[in-house]
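Reading through the structure tokens given below for one structure.
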């Protein structure tokens with residue numbers, strides 16, 4: 001469970017997308033807060049994805065608070081972007097410890 005974050009990440013994806021599931025699991029493992037927009041539940045969001053991707057509906061499309069966009073990123077690319085933003089105090093990613101969750 002995420003304790004706190006500022007300037008959340010916006011994540012466009014879909015449950016049928018393997019890369020989306022992988023990226024989502026990776027962000028969860030890092031404890032990053034993000035807003036997940038499922039294109040299956042919000043088909044109107046596909047227009048935004050296509051606008052960002054110059055006409056393509058490529059997912060995952062992940063927008064970071066500094067404006068950087070990653071399209072179908074690897075875990076390494078996600079780590080690089082997140083570490084840069086953490087270093088600049090733009091985002092805070094951390095999970096509650098088991099002890100903190102119980103209190």
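No lab work stands behind these numbers, since they all come straight from the coordinates. This one's a predicted model, so the numbers in the text were calculated from it and none came from an experiment. Positions of Cβ are backbone-derived with ideal geometry, glycine not excepted, and every protein chain shown enters the neighbour counts.
Observations, loosely collected:
- Put simply, when 11-18, 85-92, 41-48 are sorted by average Cβ atoms within 10 angstrom per residue, most first, you get 11-18, 85-92, 41-48.
- Length added when fully stretched, residue 86-residue 47, from 0.36 nm per residue minus Cα-Cα: 11.1 nm
- Residue 57-residue 22 pseudo-label distance in nm [points 7 Å out on the Cα-to-Cβ vector]: 2.2 nm
- Protection proxy ranking of 75-81, 26-32 - average other beta-carbon atoms within 10 Å, highest first: 26-32, 75-81
- For the stretch 9-102, alpha-carbon Rg relative to the globular expectation (2.2 N^0.38 Å, N residues): 1.11
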